[in-house]
Amino acid sequence: MVREYKAKCELLSKAIANLKSVEILTYDNKLIKLEHIIIDSGKFFGMENIKGELKKLLLNVNKIKEIIIL
């Protein structure tokens with residue numbers, strides 16, 4: 001469990017460093033497309049494009065099943 005958490009955090013950090021778009025699949029089988037990832041106050045946030053407007057979305061690393069860096 002701890003290894004999985006660290007691996008997900010490393011992938012999210014890689015996406016931040018490369019300024020890449022990301023697709024996240026949750027354990028609820030929900031696909032979330034994010035323009036980019038940021039860290040604010042030690043927490044991961046994704047910027048989601050909804051109807052041309054960027055919205056900040058808090059990412060719960062424990063609920064992420066798979067991360068795809070685009």
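Bear in mind that the values in this text are calculations on the coordinates, not laboratory data. Since we're looking at a predicted model, the values are computed, not measured. Neighbour counts run over all protein chains shown; Cβ positions are idealised from the backbone, glycine included.
Applying the selection to segment 37-70, what residues are assigned to a strand (DSSP E or B), more than 11 Å from C9 (Cβ to Cβ), of a type in the set (A, V, I, L, M) and touching a residue at least 40 places away in the same chain (Cβ under 8 Å)? I68, I69 - these are the residues of segment 37-70 that are assigned to a strand (DSSP E or B), more than 11 Å from C9 (Cβ to Cβ), of a type in the set (A, V, I, L, M) and touching a residue at least 40 places away in the same chain (Cβ under 8 Å).
Counting the residues of segment 26-37 that are within 9 Å of the chain's Cα centre (by Cα) and surrounded by fewer than 15 Cβ atoms within 10 Å (Cβ to Cβ) gives 2. Take segment 51-67 and flag every residue that is among the hydrophobic types (A, V, I, L, M, F, W, C) and either in contact with a helix residue (DSSP H, G or I) (Cβ under 9 Å, 6 or more places away or on another chain) or over 16 Å from I38 (Cα atoms) (or both). Listed by number, the residues that qualify are L59, V61, I64, I67. When segment 1-16 is filtered for residues that are surrounded by 13 or more Cβ atoms within 10 Å (Cβ to Cβ) and more than 12 Å from E66 (Cα to Cα), the ones remaining, listed by number, are S13, K14, A15, I16.
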